[in-house]
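The values are calculated or read from the model by the stated rules, or taken from the named source; none is laboratory data. Given the structure is predicted, the values throughout are model-derived calculations rather than measurements. With ideal geometry, Cβ positions are generated from the backbone for all residues, glycine too; neighbour counts draw on all protein chains shown. The protein model used for the area step is the full one, side chains on, heavy atoms only, and it has no ligands, DNA or RNA in it. Shrake-Rupley method; radii C 1.70, N 1.55, O 1.52, S 1.80 Å.
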Amino acid sequence: MSDTTPLLDIAELRIRFPTIDGGWSEAVRGVSLQLARHERLGIVGESGSGKSLTGRAVLGLLPRQAQWSARRLAFAGQALSALAPRQWRALRGRHMAMILQDPKYSLNPVLSVGQQLAEAFRQRDPGLSRRALRKQVLAALAAVRIRDPQRVAGAYPHELSGGMGQRVMIAMMVASGPELLIADEPTSALDVTVQLQVLAILDDLVRAQGTGLIFISHDLHLVASFCDRVLVMYAGRVLEECAAGELHQARHPYTRGLLAAAPDLERPQLELPVLSRDARWREDP
Amino acid sequence: MSAGHEAEMIRVDDLHVRFASAAGPVDAVKGVSFRVQPGEVFGLVGESGSGKSTVLRALAGLAAPWQGRLWLAGAELGRHRDRAFCRRVQMVFQDPYGSLHPRFTVDRTLAEALAIHRLDERAARIARVLEDVGLGLAFRFRYPHQLSGGQRQRVAIARALILQPQVLLLDEPTSALDVSVQAEILNLLVRLRAEHGLTMLLVSHNLAVVGHLCQRLAVMRQGEIVETLTVEQLRRGAVDHPYTRGLLLASRGYDRRVAEELLAAE
């Protein structure tokens, strides 16, 4: 694999679901994207735009009834569509990982943080001694800037705040140093100040380990400030792509409409511009 | 009741709310005081667990035992909220998926409020309020699952409005909605306030939403108000408390330096 091979290469990804009347509902309609190492790619869109499904398709974690196809779905040059489920599973966790919105539903409530981290590490490396395992668990917690890893390792998920729980999730997902991390609204359930702390930890990871990050969010302003590049999705398609710093000069009326619809503390206006959707956006991005 | 309170629509004096928990009592609200003038929109801002929603629920009569003194339009409130109170003060909740009965049509949801308060001319009132929240009669016999999130929140607002209240208590009314739908609901609330002269108390974690709707706000943290200020002051960044400053910085998006400071300050 040469250095120019993108970490993730998706061409014309389509995902559809059967409907009650025997037809198909097209949820993702021809999404193409590429992600490089060290890159933070934001995918923004409203609910139902297909952004989360796109992320799940890469991990091979689509709902059972979903059907997908793609002209190309390659991870580090390897075609994912050619993999057996077992091979895909071997990639998950070790080479590609996902962080979901709410740590409350992603952590096991009856295992301590240390136990579930150890479980994850043992799966990746069954030969680890107890002592080495313990050391890894504490190191992983310290890596997400948890001050007192000993205490947190002994705590149960319900004893942690939302921000701390999300850091534990990140610790679990990133300890093996995945090359690709997909974060689906990882901070939407968190308070603004905690959100920033969690983003700083993701930022560390991209800088230190060269992880490629796909950051899925509905918050355009947050994505513009955090990512390198942004894709705007609408009705299962990519409508617009731009450098994050230039998102505020976006050209597509949908992107412009979304940006304008958010109230801005510094630029107050009596009435917020309401987005009027154009039927053509569905067909002709 | 002393003289001078008549001018205020809401007055909260030294409110305390304590919950029982497995680990012992938790003081959710610790001595909160503020006043809201008629026609004013007042914001309560804070992070989760700051006690902002509990203040709202104590006013609505939904919170666990509270202590302190509460007034509505000059009259002190007791433990019990009677029907007259509910006609004057109505609440709108965060999640329109959870706050509407899934098996009631819009018509039945609205009619129930009228029946409880023994109001007549039901069809005319329902038609009027649906028009008022921008839905129209076409929505009258739909079920919640046939509505989008924004339409559901409009129904929730219509249910509150149909009793012609003077005060709306709004608990994160737009945080479950997409930003384009949020804009529609915020515009609706601004218009309703102007047309009906409503007083509103808005609980939100979103400074931009508070800045859009409110004239004044109180910033809460761990059950206490750390600072009360005008939206104008917030906009200028003329804030006194470091916590308010932190919120303001954090709401501007990701900034590595600000994030480092927050991590260091932990």
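Overview of values
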item: Base-10 log of normalised Debye intensity for the protein assembly as shown (one unit scatterer per alpha-carbon) at q = 0.06, 0.07, 0.09 Å⁻¹; result: -0.34, -0.46, -0.76
item: Residue-level accessible surface for residue A:32, protein heavy atoms, 1.4 Å, Å²; result: 60
item: Per-residue mean of C-beta atoms belonging to partner chains within 10 Å, peptide A:195-202; result: 6
item: Gained length - residue B:238 relative to residue B:128, 0.36 nm times residue gap less alpha-carbon distance; result: 35.3 nm
item: Accessible area of the protein assembly as shown belonging to carbon and sulfur atoms, whole % at 1.4 Å probe; result: 49
item: Surrounding net charge for residue A:121, when Lys and Arg each add one and Asp and Glu each subtract one, Cβ distance under 12 Å; result: +4
item: Residue-normalised accessible area of the protein assembly as shown, expressed per residue, 1.4 Å probe, Å²; result: 46
item: Stokes-Einstein diffusion coefficient of segment A:56-199, Kirkwood radius over Cα pairs, 4 °C, 1.567 mPa s, in µm²/s; result: 80
item: Length-normalised contact order for chain B - Cα pairs under 8 Å, 6+ apart - percent; result: 25
item: Partner chain coverage, peptide B:203-211 - average Cβ within 10 angstrom; result: 3
item: Under 5 Å, built H, 5+ apart or other chain: amide partners of residue A:219; result: none
item: Convex hull volume per residue for segment B:60-125, taking Cα atoms only, in Å³; result: 125
item: Relative contact order computed over segment B:99-141 (Cα-Cα under 8 Å; 6+ residues apart), in percent; result: 41
item: Lys/Arg +1, Asp/Glu -1 at C-beta; the protein assembly as shown dipole; positive extreme among A:62, A:165, B:26; result: A:62
item: Pairwise centroid distance, computed over Cα atoms, of segment A:56-72 with segment B:181-219, Å; result: 41
item: Whole-angstrom gap from segment A:226-285 to segment B:50-109, using each part's C-alpha centre; result: 37
item: Added length on full extension, which subtracts the Cα-Cα distance from 0.36 nm per residue, residue A:131 to residue A:282; result: 48.8 nm
item: Over segment B:165-265 - Rg/Rh using Cα atoms and the Kirkwood inverse-distance radius; result: 1.00
item: Value of relative contact order over segment A:114-217, rounded to a whole percent, pairs C-alpha under 8 Å and six or more apart; result: 25
item: Order of exposure, largest accessible area first, which applies to B:79, A:29 with probe 1.4 Å; result: B:79, A:29
item: Computed label-point distance, nm, for sites residue B:82 and residue B:117 using a 7 Å Cα→Cβ extension; result: 1.6
item: Cα-based equivalent ellipsoid of chain B: semi-axis lengths in Å, sorted from largest, via gyration tensor; result: 31, 23, 18
item: Added length on full extension, which subtracts the Cα-Cα distance from 0.36 nm per residue, residue A:115 to residue A:145; result: 8.9 nm
item: Percent of alpha-carbon pairs separated by more than 30 Å within chain A; result: 34
item: Averaged over B:176-186, number of beta-carbon atoms from partner chains that fall within 10 Å; result: 6
item: Cα coordinate range in segment B:99-256, projected on the principal axes (Å, largest first); result: 53, 31, 27
item: Listed residues A:231, A:120, A:78: farthest to the positive end of the dipole of chain A (Cβ charges); result: A:120
item: Most positive-pole-ward Cα, B:86, B:248, A:109, against dipole of the protein assembly as shown from beta carbon charges; result: A:109
item: Heavy-atom accessible area, 1.4 Å probe, ligands and nucleic acids excluded: residues of segment B:248-266 down by at least 40 Å² from chain alone; result: B:250, B:254, B:256, B:262, B:263, B:266
item: B/A buried area, accessible surface, summed, 1.4 Å probe, Å²; result: 3100
